Every structure is written in structure tokens, then in C-alpha cells.
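The structure appears below as C-alpha cells.
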Amino acid sequence: MAAAGFFVVIGLLVLVGIAVKLYDRKRKRDAEAVHLQAQVSDALMRDAGLAGLLLTPTAHLRGGEAIVEISGEAPDDVARETALRIAREEAARIRPDVRIEDHVRVGAVRAA
């Protein structure tokens, strides 16, 4: 009877350990995604040619893959390509395996 109680306690400790490990891994992925998103956002804001455009990067880490979605509006293809190039370069500085997804609409009116 005592051995069964011992194994139950050990089993519960193992389950708690696994839950803590999974939570810690998720927290680290979320922190890395926030860092990546902030760096790309800062790089887009620093570019004078993109001033006033509504461009929003959103970073996700799924499994081992990092994805940055760029959404918003650009007045023309040149501005869109510039934004994607800046996002690609900045994201690659942080993590070389980043995939950039383009969700930028072209032809929108430039914001003031």
C-alpha cells in the first residue's frame, strides 16, 4: 500500500514537471515572437520612405518556424517592396530562418 502511494506521488511530480516545462517553452516562444515583432516594427518606423504608412508586423513561432506577417496599406508596389525588404532584412538579423508573409494592400491612400 505504501509503495502504491509512493508511485502516485512520483507520478504527480513527473506530471507537474512536464507541465512546468511545457509552460516555460511556450513562454520563451512568446517572448521570442514579441522581440522579433518589435524589432521589425522599429525597422519599418525608422525608414523615412515608409513614414505615415499603416504597416503592422505580427510574429508567430510555430514549431521551429518563425513567421512574420506584414499587413497594412501601401500607396504603390515600390513602397510595398521596400517594406517587405526591410522586414526581411531585420528579421534575418535576429533569426535567419524567418518567413515573411505579405498581406499588404497596394493602392491605398497614404496617411498624413
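The values are calculated or read from the model by the stated rules, or taken from the named source; none is laboratory data. Note that the structure is a prediction, hence the values are computed from the model and not measured. With ideal geometry, Cβ positions are generated from the backbone for all residues, glycine too; neighbour counts draw on all protein chains shown.
Sub-8 Å Cβ pairs linking a first residue in region 32-49 that is closer than 14 Å to Leu61 by Cβ to a second residue that is of a type in the set (Val, Ile, Thr) and not in a helix (DSSP H, G or I), at least 6 apart or interchain, are Leu36/Val68; Leu36/Val98; Gln37/Thr58; Gln37/Val68; Val40/Val68; Val40/Ile70, ordered by first then second residue.
Checked against (1) assigned to a helix (DSSP H, G or I); (2) touching a helix residue (DSSP H, G or I) at 6+ places or on another chain (Cβ under 8 Å); (3) aliphatic (A, V, I, L, M), Val68 passes all but a single condition, namely (1). Residues in region 54-103 that are out of contact with any strand residue (DSSP E or B) (no Cβ under 7 Å at 6 or more places or on another chain) and surrounded by 14 or more Cβ atoms within 10 Å (Cβ to Cβ): Leu61, Pro75, Ala79, Glu81, Thr82, Ile86, Glu90, Ile94.
For the condition at pLDDT below 95 and over 12 Å from the mean Cα position of the chain (by Cα), Arg62 does not qualify. Filtering region 25-65 down to residues that are part of a helix (DSSP H, G or I) and of a type in the set (Gly, Ala, Ser), which residue is farthest from Leu84 (Cα to Cα)? Checking each candidate, the answer is Ala31.
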